[in-house]
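The values are calculated or read from the model by the stated rules, or taken from the named source; none is laboratory data. None of these values were measured; they are calculated from a predicted model. No Cβ is skipped: glycine too gets one built from the backbone with ideal geometry, and neighbour counts run over all protein chains shown. These area figures cover heavy atoms from the full protein model, side chains too; ligands, DNA and RNA do not enter into them. Shrake-Rupley method; radii C 1.70, N 1.55, O 1.52, S 1.80 Å.
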Protein chains: 2
Amino acid sequence: MRIAIDAMGGDHAPHAQVRSALAAAADWPDTQLILVGNQEVLSPLLGTEPPANISIVHADEVIGSDDEPVRAVRRKTNSSMVVAGRMVKEGNADAMISAGNTGALMAVGLLVVGRLPGIDRPGLAPMFPTLDNVGVLALDMGANMDAKPEHLVQYAMMGSIYREKVHGLRNPSVGLLNVGTEAAKGNELTKEAFDLLQQAPIHFVGNIEARDVLEHKCDVIVCDGFSGNIMLKSIEGAASAIFKLLKEELMSSWSSKLAAAVMKPGFRKVKKRMDYNEYNGAPLLGVNGLVVKGHGSSDENAMKTAIRHTRAAIDNGLITALAEEFSRKE
Amino acid sequence: MRIAIDAMGGDHAPHAQVRSALAAAADWPDTQLILVGNQEVLSPLLGTEPPANISIVHADEVIGSDDEPVRAVRRKTNSSMVVAGRMVKEGNADAMISAGNTGALMAVGLLVVGRLPGIDRPGLAPMFPTLDNVGVLALDMGANMDAKPEHLVQYAMMGSIYREKVHGLRNPSVGLLNVGTEAAKGNELTKEAFDLLQQAPIHFVGNIEARDVLEHKCDVIVCDGFSGNIMLKSIEGAASAIFKLLKEELMSSWSSKLAAAVMKPGFRKVKKRMDYNEYNGAPLLGVNGLVVKGHGSSDENAMKTAIRHTRAAIDNGLITALAEEFSRKE
């Protein structure tokens with residue numbers, strides 16, 4: 001299998017990208033890692049004898065984190081991200097991974113790779129941590145801000161297929177993010193979506209409140225991209241606030257400082273378990289090829305995690321399964 | 001001033017309601033506390049010599065937490081909550097407080113007390129904790145699930161007036177809950193609202209991301225009731241998850257158990273600071289009278305906090321100020 005990596009996108013690019021590719025090349029000899037980016041920059045980083053299953057595809061432009069997504073994708077046609085997308089589109093790679101500008105990657109998915117037939121809106125689907133360490137796939141986390149009820153149904157079906165194919169779950173449960181558990185709760189969107197989800201060919205378990213998402217009440221949770229982003233960033237903000245306050249408290253006396261020293265590894269563990277970035281590699285579900293988002297701050301390990309998840313998705317024929325399901329619905 | 005208290009609503013009713021009224025009656029002799037509920041139940045709780053500034057108004061029905069809000073308010077016309085609402089409507093009380101069924105209290109506000117002229121949708125406006133302990137007023141937290149851009153403008157104006165009148169802030173800053181800080185970010189609702197908020201007679205500071213709400217980036221934050229609920233419950237869920245995980249970690253070895261004992265008061269302090277329920281007494285802004293929601297689990301102290309905030313709102317002429325502002329706009 002061939003995985004194109006946008007070697008220039010992300011806070012730690014290109015180093016983290018190159019190092020993770022080298023590590024992946026060693027671990028998985030069946031995988032061809034294609035680093036897309038500036039040849040002059042990348043080549044020296046690979047060393048004098050790069051492994052046979054790593055190659056470079058030259059691209060001389062870079063889409064920055066401040067670039068306006070759609071305009072950047074349209075104009076910077078020789079950027080590392082767009083070139084990687086084109087490789088997927090043209091069948092020269094089985095997947096692409098980028099830790100660059102999220103909006104631009106969505107635009108690459110839509111404008112370069114294109115939608116899967118039968119899908120109206122692709123959805124970005126990261127894994128959220130849960131207390132039992134299993135995790136929940138949440139979509140859409142911001143590919144499309146507004147959604148119609150039928151889009152939520154497509155998210156639900158795509159999420160189910162992903163959990164089945166890539167994580168091996170049987171009959172994954174799907175919940176609808178809502179403000180209460182009763183069927184009649186919610187806004188116009190969720191009320192209509194609730195009825196449609198009940199009829200959809202999925203294992204729908206009803207409404208899930210935002211406070212219960214981390215409790216693993218379902219394997220897939222669906223919502224519009226705006227609400228999803230609010231949830232994701234609220235959790236992030238709350239976690240950051242709590243750890244700041246704890247730090248203050250712990251530094252307030254010598255006895256608590258001592259206790260803090262003892263507890264430091266435990267704190268770090270909890271912080272890590274709450275970090276949804278730990279499950280790196282969120283697929284953009286609904287595009288006609290595998291487009292995977294690594295978080296912007298991905299280091300070498302995080303990038304390698306994204307590569308591992310991408311391999312699993314390729315190995316298990318995710319895109320074919322999605323295409324089959326939705327072509328049937330056309 | 002006269003404050004009607006729904007003595008039968010809430011997890012700890014009627015005891016917490018009666019005890020908080022007794023405490024408030026002692027602290028604030030200028031305030032008449034009117035306990036609305038079953039005379040036979042309440043009377044013995046007041047003791048043989050209740051203070052002169054406490055009275056009981058009999059109501060023989062109770063709206064339960066499982067009652068369907070609108071139906072309950074329409075049918076249980078002699079319930080403690082509806083009777084308290086009627087007292088506000090008819091000028092027999094300057095405010096009402098209830099820790100009962102939230103949806104029913106919204107319905108009492110709309111159907112019994114009625115809207116302020118010039119307001120389309122009332123908004124529920126609790127205070128959120130912030131890291132600097134100042135807090136941010138957030139609305140709407142669920143009175144109306146769907147909102148139009150002009151409703152967000154009304155929320156912004158009402159929230160500003162509340163912060164000015166009740167908390168004494170000069171020129172309070174107003175933010176729009178959104179998925180990014182740039183003007184063009186968001187869904188259809190927030191994009192349109194952004195433009196309207198820029199023209200509104202408020203101190204608008206632009207978009208605020210959910211992760212920054214606890215950082216006190218503004219004094220008032222506005223959003224539709226659905227997003228607001230998602231934010232509120234995500235923060236609640238994240239806090240609960242983190243404290244669960246920390247507890248697990250702390251119980252995992254003898255040294256950490258020891259450390260945990262030392263840190264317990266600090267933990268409790270952080271938990272308390274993160275608890276938006278600590279700022280008890282959320283006004284339902286936009287109804288033609290002061291209707292205040294206490295959280296369902298209010299104990300005596302929480303109820304007394306709600307009474308204190310309600311006093312401040314009456315003292316500072318909140319409803320008159322709101323009425324003046326919006327009648328001008330008619």
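Taking each residue of region A:294-310 that is in a helix (DSSP H, G or I) and looking for partners that are open to solvent by 20 Å² or more (accessible area, probe 1.4 Å) with beta-carbon atoms closer than 6 Å, six or more apart or interchain, yields A:GLU300/A:ARG19; A:LYS304/A:ALA23.
Looking across region B:244-279, the residues that are under 30 Å from B:TYR162 (Cα atoms), open to solvent by less than 50 Å² (accessible area, probe 1.4 Å) and either within 10 Å of another protein chain (Cβ to nearest Cβ) or small (Gly, Ala, Ser) (or both) come down to B:VAL270, B:MET274.
Rundown of residues vs (1) within 14 Å of chain A (Cβ to nearest Cβ); (2) hydrophobic (A, V, I, L, M, F, W, C); (3) surrounded by 23 or more Cβ atoms within 10 Å (Cβ to Cβ); (4) on the phi < 0 side of the Ramachandran plot, yes/no style:
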{"position": "B:LYS89", "(1), (2), (3), (4)": "no, no, no, yes"}
{"position": "B:ASP94", "(1), (2), (3), (4)": "no, no, no, yes"}
{"position": "B:SER98", "(1), (2), (3), (4)": "no, no, yes, yes"}
{"position": "B:ASN101", "(1), (2), (3), (4)": "yes, no, yes, yes"}
{"position": "B:GLY118", "(1), (2), (3), (4)": "no, no, no, no"}
{"position": "B:LEU124", "(1), (2), (3), (4)": "yes, yes, yes, yes"}
{"position": "B:MET145", "(1), (2), (3), (4)": "yes, yes, no, yes"}
{"position": "B:HIS151", "(1), (2), (3), (4)": "yes, no, yes, yes"}
{"position": "B:GLY168", "(1), (2), (3), (4)": "no, no, no, no"}
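The single condition among (1) assigned by TED's automatic domain parsing to the domain that holds B:GLY91; (2) open to solvent by less than 20 Å² (accessible area, probe 1.4 Å) that B:GLY296 does not meet is (2). Of all positions in region A:311-326, none carries a residue that is surrounded by 22 or more Cβ atoms within 10 Å (Cβ to Cβ), part of a loop (DSSP other than H, G, I, E, B) and at pLDDT 95 or above.
Figure legend. Inter-residue proximity from region A:257-281: first residues touching a residue at least 60 places away in the same chain (Cβ under 8 Å), second residues open to solvent by 70 Å² or more (accessible area, probe 1.4 Å), beta-carbon distance below 8 Å, spacing 6+ or different chains. Indicated pairs: A:ARG273/A:ASN133; A:GLU278/A:LYS272; A:GLY281/A:ARG308. Every condition in (1) at pLDDT 95 or above; (2) open to solvent by 40 Å² or more (accessible area, probe 1.4 Å); (3) not hydroxyl-bearing (Ser, Thr, Tyr) holds for B:LEU290 except the one numbered (2). Filtering B:ALA241, B:ALA282 for residues that are under 20 Å from B:ALA143 (Cα atoms) and either within 9 Å of chain A (Cβ to nearest Cβ) or at pLDDT 90 or above (or both) leaves a single hit, B:ALA282. In this structure, B:VAL179 does not satisfy being surrounded by fewer than 20 Cβ atoms within 10 Å (Cβ to Cβ), among the hydrophobic types (A, V, I, L, M, F, W, C) and in the same structural domain as B:GLY228 (by TED's automatic domain parsing). If you filter region A:197-229 down to residues that are among the small types (Gly, Ala, Ser) and in contact (Cβ under 8 Å) with a residue 40 or more places away in the chain, you find that the one that is farthest from the other protein chains (Cβ to nearest Cβ) is A:ALA200. The set of residues in region A:18-30 being open to solvent by less than 10 Å² (accessible area, probe 1.4 Å) and out of contact with any helix residue (DSSP H, G or I) (no Cβ under 6 Å at 6 or more places or on another chain) consists of A:ALA21, A:ALA25.
Among the residues of region A:20-78, those that are closer than 20 Å to A:GLY10 by Cα and acidic (Asp, Glu) comprise A:GLU40, A:ASP60, A:GLU61, A:ASP66, A:ASP67, A:GLU68.
Mind listing whichever residues of region B:216-243 are open to solvent by 20 Å² or more (accessible area, probe 1.4 Å) and either more than 29 Å from A:LYS217 (Cβ to Cβ) or not assigned by TED's automatic domain parsing to the domain that holds B:MET157 (or both)? Answer for region B:216-243, where residues must be open to solvent by 20 Å² or more (accessible area, probe 1.4 Å) and either more than 29 Å from A:LYS217 (Cβ to Cβ) or not assigned by TED's automatic domain parsing to the domain that holds B:MET157 (or both): B:HIS216, B:LYS217, B:ASP219.
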